[in-house]
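A short worksheet on the structure shown next.
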Amino acid sequence: MTRTEITWCTILPMSVALPIPSGSSRRLRWLLALPKLGIVLLLVALLSLLWLLHRNEAEEERSALIKDVLWLEQNLRFHLNGNEEQLQQLALEMADLPGRQKLFRLRAEHMLKNSPDIAQILWLDTKRQVLDALPTSHLPESDIEAFGPPVTAKAFELASRLGNRQYSEPFFLEGNRAFVEMLVPIFSERRITGMLAVIYPLDTLLANQVPWWFTEKYKVEIIDDNDLQYATKTRILGNSDLRYEIPFDPPGSGLLLRITSYHSPDNTLQRLLIAAILMLAAGVFWSLWLVRDLMKKRSQAEEALRAEHAFRAAMEDSLTVGMRARDLQGRVIYVNPAFCSMTGFSATELVDKAPPMPYWAPEQLEETYAMHQTVLAGEAPLDGFEITFMRKNGERFQALVYEAKLIDGNGKHTGWMASILDITERKRTEELARQQQEQLQFTSRLVTMGEMASTLAHELNQPLAAIASYNTGCLNLLGSGNATPQDIQPALEKIGVQAQRAGKIIRRVHDFVRKSEPKRAPCLLGEVIEDCLGFVEAEARKRHVRIECEIPPLPPIPADRLMLEQVLLNLIRNGMEAMTGMPEAYRLLRISVIADNNELILDVTDCGSGISPESRDKLFTAFFTTKPDGMGIGLSICRSIVEFHRGRLWAEDNPNSPTGSGTIFRFTLPLEAT
Ligand code: ADP
């Protein structure tokens, strides 16, 4: 694990997580539906209000129309009645007056002047013959009487019979113009002596009697039951449903006055109001929709957060690595369950604690505090550090701690996050493996010694035999009785040399099989090689192997001398064994060392059998051997020793071997301790 920056969200403690109620989405749907319902109801209420207002207005308009119509009808009636009365008065006065014609003309002229809607006033005799007419040129009175519609004749007859004023039915003349005629009988001594007639063109009647303001608002028509139009007056074009019909009596005869209202009150404001209400409602709906969308998204985010939180909590609970967060002052702000079970303290016992922590081992308080300061200074080792912690029950355990910066959501450095591994068990296993390896090395050395025992015994035999013979010579000299000290001294000196030689052999064997802890101390590789050569000298002689050595002056290296000796001895003996089948002349073993940059490179080169491709991969595996009595642990031990010294060991073919085969075992050793 390398140090990384950890953000808050990755270690969000449970207490920090948002508490989200369950079933909130259903409640949310309800909450969202309520305002919508409210708005729909409000809209309905507003539209109903507007409809009511509109209806009231229409009612008002209708009653205003009726009022106006009644007024007009009354106006027309008043006007026609007025004319009628004037004519009645004239008829009375004309009953027995000698100068009747003059009177007729005078009054008729006066009436025509006052009532421009009268087309003509006629004086008829009982036979419907025109006695006089005003204006004379206006209508061919004879035409009316001669060719006029039968309706006038009918009215005349009725007026004569009843002796009462009578209106004719409307009739058309001059193309499409409609007229009505009013007849008033002239009595003289209770006998009808003539008839006064007034002809009204209906369009002129309307034109004169309907005021201008009325036509600004209404269309006035005179129609009959069959909807046949006789006259009309309007200033407005178009259609409207708002109309009112009232009998037009006088003149009666089924005539109707129809008034159509075009008065459209200026309802722009109302329309604007409706449009505004609809727009506002649409706006509210739209914003509600947006809110609904937002709420939906929020609810989804909450759902995701909940799932994420559950996932993180599950992850936290199942983590076997202890996690501990501290603020910039070193106060604990979070611990995960794994850390709690590792230390035996509960989260509440640890959170908010400042140094010294309850899990610090009291005997290492100073070191731990120093490390704590190093972490707070941001100088903790990137690849972690080992430290001894204490469980709640007082038990110590080895922890491997990796520290990283704690970065919050805004990218701010808020503290330190540590992942802690309990490595006590691992350490114990490693120690056990190390002890086993050591034991194996020791055993291997014993085995090597065992294998070399006979050669060494032979080697030891030589100085001992020499000592014995020098001793016999001395005794003989002393026995002759004339030996001087000068005669004996050289022999004694040689005995001393031989004894030293024997002692050296024994010391070497003793050193080699001595059991000791591996320790690295400055040692000279040249001396190690020399010692090894002393060991294998006899064996090399026995195997007829020449050993060449090329060792330049070398600086001391930090190494365990005994271990290096074991490596060299193994490689030299393997090389010698590999050359057993070779002609004696080619049995050459070369040991060379070169210093390169920061390391020494040591080659043990033989001209032996070489390594077959199938053996090459297994060469350094424990218990691989091609020898009938071999154990196959030599090279695997050599490699672990070299790696213990932070070096590398490998095998290459010897390209310069005169036999065409041969191997170079090469290993490196760093000059500086790392
Ligand atoms: P052992 O010597 O007991 O067999 P080692 O681990 O020292 O165990 O060697 C393993 C095997 O490697 C040997 O059996 C041999 O086949 C091969 N080997 C080692 N050194 C040499 C060498 N110099 N030349 C050829 N083969 C070698």
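The values are calculated or read from the model by the stated rules, or taken from the named source; none is laboratory data. Only a predicted model underlies this, so the values are computations on that prediction, with no experimental measurement involved. Heads up, the Cβs are rebuilt from the backbone with ideal geometry, glycines too, and the neighbour counts pull from every protein chain shown. To get the accessible areas, we keep the full protein, side chains included, count just its heavy atoms, and leave off ligands, DNA and RNA. Shrake-Rupley method; radii C 1.70, N 1.55, O 1.52, S 1.80 Å.
For region 178-193, name all the residues that are touching a residue at least 12 places away in the same chain (Cβ under 8 Å) and either at positive phi or among the polar types (S, T, N, Q) (or both). If you could, list the steps in order and put the result at the bottom.
Applying the first criterion (touching a residue at least 12 places away in the same chain (Cβ under 8 Å)) to region 178-193 yields 178-189, 192-193.
Scanning region 178-193 gives 188, 189, 193.
For region 607-641, the candidate set comprises residues that are among the polar types (S, T, N, Q) and more than 8 Å from the ligand (Cβ to nearest atom); within that set, the residue that is farthest from residue 438 (Cα to Cα) is 612.
Can you name every residue in region 364-387 that is open to solvent by 20 Å² or more (accessible area, probe 1.4 Å), over 13 Å from residue 416 (Cβ atoms) and in contact (Cβ under 8 Å) with a residue 24 or more places away in the chain? Answer for region 364-387, where residues must be open to solvent by 20 Å² or more (accessible area, probe 1.4 Å), over 13 Å from residue 416 (Cβ atoms) and in contact (Cβ under 8 Å) with a residue 24 or more places away in the chain: 364, 382, 383, 386.
Inspect region 78-88 for any residue being in contact with a strand residue (DSSP E or B) (Cβ under 8 Å, 6 or more places away or on another chain) and open to solvent by 30 Å² or more (accessible area, probe 1.4 Å) and give the result as yes or no.
Taking region 78-88 first, the residues in contact with a strand residue (DSSP E or B) (Cβ under 8 Å, 6 or more places away or on another chain) are 80, 83-84, 87-88.
Now narrow it down to the ones that are open to solvent by 30 Å² or more (accessible area, probe 1.4 Å): 88.
Checking region 78-88: at least one residue is in contact with a strand residue (DSSP E or B) (Cβ under 8 Å, 6 or more places away or on another chain) and open to solvent by 30 Å² or more (accessible area, probe 1.4 Å).
Taking the conditions (1) assigned to a helix (DSSP H, G or I); (2) open to solvent by 10 Å² or more (accessible area, probe 1.4 Å); (3) within 16 Å of the ligand (Cβ to nearest atom) in turn, residue 547 satisfies each one other than (1).
For region 526-544, the set of residues classified as in contact with an Asp or Glu (Cβ under 8 Å, 6 or more places away or on another chain) and exposed (fewer than 15 other Cβ atoms within 10 Å of the Cβ) consists of 537, 544, listed by residue number.
When we screen 430, 451 for residues that are modelled with pLDDT under 85 and charged (D, E, K, R), the only hit is 451.
If you go through region 254-272 and keep only what is modelled with pLDDT of 75 or more and either basic (Lys, Arg) or in a loop (DSSP other than H, G, I, E, B) (or both), you end up with 254, 255, 258, 271. Restricting 539, 527, 565 to residues that are in contact with a helix residue (DSSP H, G or I) (Cβ under 9 Å, 6 or more places away or on another chain), part of a helix (DSSP H, G or I), over 22 Å from residue 453 (Cβ atoms) and of a type outside the set (A, V, I, L, M) narrows the list to 527. Tell me whether region 592-606 contains one or more residues that are more than 18 Å from residue 572 (Cβ to Cβ) and within 11 Å of the ligand (Cβ to nearest atom). Checking region 592-606: not a single residue is more than 18 Å from residue 572 (Cβ to Cβ) and within 11 Å of the ligand (Cβ to nearest atom).
Mind checking whether some residue in region 318-326 is among the charged types (D, E, K, R) and open to solvent by 20 Å² or more (accessible area, probe 1.4 Å)?
First pass over region 318-326, keeping only residues among the charged types (D, E, K, R): 324, 326.
Subsequent filtering for residues that are open to solvent by 20 Å² or more (accessible area, probe 1.4 Å) retains none.
Looking for residues that are among the charged types (D, E, K, R) and open to solvent by 20 Å² or more (accessible area, probe 1.4 Å), one finds none in region 318-326, hence no.
Look at (1) within 12 Å of the ligand (Cβ to nearest atom); (2) of a type outside the set (S, T, N, Q); (3) under 27 Å from residue 556 (Cα atoms) and you find that residue 662 fails only one, number (3).
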